1. In region A:296-306, how many residues are crowded, with 21+ Cβ neighbours inside 10 Å and either modelled with pLDDT of 95 or more or among the aliphatic types (A, V, I, L, M) (or both)?
2. Could you tell me whether B:Tyr124 is of a type in the set (Ser, Thr, Tyr) and either part of a helix (DSSP H, G or I) or over 30 Å from A:Met126 (Cβ atoms) (or both)?
3. Within region A:140-157, how many residues turn out to be more than 9 Å from chain B (Cβ to nearest Cβ) and surrounded by fewer than 16 Cβ atoms within 10 Å (Cβ to Cβ)?
4. For region A:350-379, what are the residues that are facing chain B (nearest Cβ under 10 Å), within 16 Å of the chain's Cα centre (by Cα) and either within 21 Å of A:Phe260 (Cα to Cα) or open to solvent by less than 10 Å² (accessible area, probe 1.4 Å) (or both)?
5. If I ask for residues that are at the interface with another protein chain (Cβ under 8 Å from one of its Cβ atoms) and among the aliphatic types (A, V, I, L, M), which ones from region B:97-112 would you list?
6. Exactly one condition in (1) assigned to a helix (DSSP H, G or I); (2) aromatic (Phe, Trp, Tyr); (3) within 14 Å of chain A (Cβ to nearest Cβ); (4) touching a helix residue (DSSP H, G or I) at 6+ places or on another chain (Cβ under 8 Å) is not met by B:Tyr38; state its number.
7. Only one of B:Lys63, B:Lys57 is in contact with a helix residue (DSSP H, G or I) (Cβ under 6 Å, 6 or more places away or on another chain), open to solvent by 60 Å² or more (accessible area, probe 1.4 Å), closer than 18 Å to B:Pro242 by Cα and not hydrophobic (A, V, I, L, M, F, W, C). Can you tell me which?
8. What is the number of the single condition among (1) open to solvent by less than 60 Å² (accessible area, probe 1.4 Å); (2) assigned to a helix (DSSP H, G or I); (3) within 20 Å of B:Ala49 (Cβ to Cβ); (4) not small (Gly, Ala, Ser) that B:Thr202 does not meet?
Amino acid sequence: MSKRARRSISAAREVTSLVAVHYMNAVQAHNEGRWVAWLTAVSPPLEILYTLGIQPLFPENYACVATVMKASRNLFEVSEAYGVSRDLCSYTRCVMGSVLGGEAPFGGMEKPDVLLSTKNVCVVYMKWWELMAQTLKCPLYVIDSPAITDKIENHHVKYVEEQLRVLVSALEKITETNLDEEKLKEAVRLSDKAAELWRKVLEQRRAKPCPMGVTDSSAAMFPMVASAGTQEAVEYYERLLDEVSTRVKEGVGVLENEKFRLLLSGIPYWHHLRMFNYLEEKYGAVFVHELYTATWGMTSLNSAKPFESMAYKTLLNPTNMPIRWSKNWISGLVKDFDIDGIVLLSSRSCKATSIGNLTIQKVLREEYGIPSLILEADHTDDRVYSKAEATAKLDAFMEVLGAK
Amino acid sequence: MKKNVTLEKFRELFETRDSVAAEWKKTGKKVVGCISPYTPEEIIYASEALPVEVMGKAETFSKADAYLPSFACSFTRGFMEALLEEKYGYLDLLTLPALCDSMRGFYGIWKQISDKPYAYLLHYPTNRSEEAYKYFASEIERFKNFMEDFVGKNISEKDLKNAIDTYNENRRLLKKLYWLRRKESPPISGVEALEVVLSSMTTPKNLHNQLLEKLVSEITEREDYPEGEARLLVSGHIVDDPDVLKVIEDSGGIIVSDDLDSGSRYFWNLVDHEAKPIEGISRRYIRIPSPYGSPIKDRINYLKLMVKAFQVEGIVFLTRKFCEPYLFDYVTLGQAVKEEGIPSLYLEYEYPLARGALKTRVEAFVEMLR
């Protein structure tokens, strides 16, 4: 058994209250006569919303919170009874359950005035948002982001940029507000600053022992998701970086005796976060990086060219990039973070993040000799999940990596 | 029942599509795999290559399972299996529209494991806005440039116009054939209509046009009308095996129209002959009512129109296992037709077909319609 050096990063513990504040802010926005938007992660850009005074909410985050609170099962059932197939995205089923009046945490999310979506992560985004638009009778705007087959080219960026400008005009009209370009530039500057700090935080985890594990990291990404473009987010990541780098300086790690360094691919199984503690405590194995959390710090933004930057950020999303790109990215991380093995969490209801896993695993093994394990379950729906089976697979994998 | 010889010919063309493609290759020309109706085939035809629809039918996935998980849609798994078993050895190129996460994923995986056939991903826009239309036109232009390089032939405006005219002719004839099914006793069954459309997707269009012309002139006089009890419409994606519709028609229904990728959606709208070729093509393909980018109200309207025009009594929604866009749309479509008072049945299927179970459900549905 490996002893954990510290329970967790205090800045990560703050997140529970930040989440609550985030959901309350939407209620507050309505009290102040401002608009509330529900949007997909990463894009459409938060920077635009904050500039226009529109309060963002993230259905994906809500599904994740509901699952961590063990409140999603009933929501799945409400959706499924309505006709949403059990084979469809479990985030969708969870949120649709609350939209349809199922018993939901915080009484459900504050209702949106506008729905904003894209397909830079998945095509499901667009279908899911359309279904919500139908059910909630709410206006919907979708940014059509082309999948990248080789590299991001000028025509991709121009197309997304053009659509962002059209979106702004539409939002200006419905909210009867004019977008202040200078304010937007400032939001983009703050967003870039937060992303840079977040990348620095993640970089700190190259240290041995690793100062921050996956549980903290998955919590600490929340301000990137919900508040990029605000001063609060910048301050949060300054605090976090300070805390994490102090740990590095003092040689404090997640574990006193770190034996294995792992990389996580895929969305954490929110219903079984104990999985990470299990690996830490039983094998001294710590996740030193996640592809998921890194997604929110991928891009540098140039505040002088806000629309171009936001378009680029929309496109440069790992699931929007070719497998060859992922392969280079992952193999680079393996080297930089001195990683022993990779755990790929497939989700049966999330094709976008899972469909390529068998191929990625094969390529990593054949071209780089990197061992990996694929688990196949669901990121939120635990009704068919077997903890025992997942644990047995993790045990076998740790044995392959040389654990006794 | 006396068989119509021309109708038989369509079935034969479809069933022997692999040899049709192999014959074509003997002339030194290329064969290009398509996902219809979202691949602008006119560009391929204009480059003197043969566009052929690829099918995703397999009953086991022993080879595909190494690359695709069990929850990938059964179309992509079936197609992957066929490719790995080298059943598509004649394909020089595979054009895949980026319709859904399975198709995008499939493309990425294929790029990683093979370049035979070479895969080309075509963007298919989400919106029906002016920006989307313009971008789609530029995407088609890029595809045209790619085809010119790939085939080693310049595609002139005249080539494109000729392709558009040939395709429009095919569409006009198919539509004429479909209109005949409005009759009280439709002269062809749903299975036969599907074979005609599927063969159009795999046969050189000029040849198909000749045959269609013949069929349309004969069929009006055909006397051996198949008999059906309930007039049905099938809605869904590509049905790549006529047997799926046969199960329905063997259960007491006659399919009089459809909202299928391998049906009316393949040919219902024409390319505007007067427009500049690329623009005309772009406008036509972007308007196909589909779950991949149309507002859902377009699909609802299309369904309602079909139901009225063909005096449909009931709709059968067909979905392949794990097909996300159609599963999503069904939630809204199912409710929309219910509000209109149109009875419907939802059927999910995989290969091998669970004939007995499917039959029982359709029989019960038909019984209810009586």
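1. 2
2. Here the answer is no, as B:Tyr124 does not meet what is asked.
3. 4
4. The answer is A:Lys351, A:Ser354.
5. Matches in region B:97-112: B:Ala98, B:Leu99, B:Ile109.
6. (1)
7. Just one listed residue meets the conditions, B:Lys57.
8. Here B:Thr202 meets the rest and fails (2).
The values are calculated or read from the model by the stated rules, or taken from the named source; none is laboratory data. Computed from a prediction, not measured in an experiment: that's the story for all the values here. We place every Cβ from the backbone using ideal geometry, glycine too, and count neighbours over all the protein chains shown. These area figures cover heavy atoms from the full protein model, side chains too; ligands, DNA and RNA do not enter into them. Shrake-Rupley method; radii C 1.70, N 1.55, O 1.52, S 1.80 Å.
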